[in-house]
Amino acid sequence: MLRKFGMAIICTAVLAVFSLATVMAETPAAAAQRQEEEKAAEKRLTELDRKMNELSSEAKKAEGKTQAELNKLYEEFKKQQGEAKGSLEKLRKSTNESWEKAKKNMDKSLEDLNGLYERSKAKAKGNGKDEAK
């Protein structure tokens, strides 16, 4: 009985080691692609931040309701930017199995940030139009 139990433990340990090796195995090409995509996401995040900061500087020239709306959009952008940075960190730390989900979350975060930037840009270009009404 004890011998069977010992064999079961050994088999379980061997199976766990092989499973872990399979999970950790990543081809060099896949690792390079992951790294490229992570760098691209970081670059896009940095670029959106730069663009939004430029827009924020221009928005300071706006008046009244437009400036208040732009400030609100900027605050929302900064909040979502923090979330996107968290998504990027999760992407970097993800395992092979969780990487696809982390990548989708990162893409969604960047899409949301870009949407906020585009709305802010449209609002800044329309500066004063809603005030004249």
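The values are calculated or read from the model by the stated rules, or taken from the named source; none is laboratory data. What you see is a predicted model, and the numbers here were worked out from it, not measured in a lab. Glycine also receives a Cβ, built like all others from the backbone with ideal geometry; neighbour counts cover every protein chain displayed. These area figures cover heavy atoms from the full protein model, side chains too; ligands, DNA and RNA do not enter into them. Shrake-Rupley method; radii C 1.70, N 1.55, O 1.52, S 1.80 Å.
Miscellaneous remarks
- Pairs where the first residue, in region 26-46, is closer than 22 Å to Gly82 by Cα and the second is open to solvent by 50 Å² or more (accessible area, probe 1.4 Å), C-beta under 6 Å, 6+ apart: Glu38/Arg92
- Count of residues meeting criterion [of a type in the set (S, T, N, Q) and in contact (Cβ under 8 Å) with a residue 40 or more places away in the chain] in region 57-104: 3
- Some residue of region 48-58 being touching a Leu at 6+ places or on another chain (Cβ under 6 Å) and at pLDDT 90 or above: yes
- Identity of the residue in region 39-64, out of contact with any Lys or Arg (no Cβ under 9 Å at 6 or more places or on another chain) and closer than 14 Å to Lys125 by Cα, that ends up surrounded by the most Cβ atoms within 10 Å (Cβ to Cβ): Ser56
- Subset of region 96-132 that is modelled with pLDDT under 90 and farther than 28 Å from Glu58 by Cβ - its residue that is surrounded by the fewest Cβ atoms within 10 Å (Cβ to Cβ): Glu97
- Condition met for Leu91 (surrounded by 17 or more Cβ atoms within 10 Å (Cβ to Cβ), closer than 30 Å to Thr27 by Cβ and not polar (S, T, N, Q)): yes
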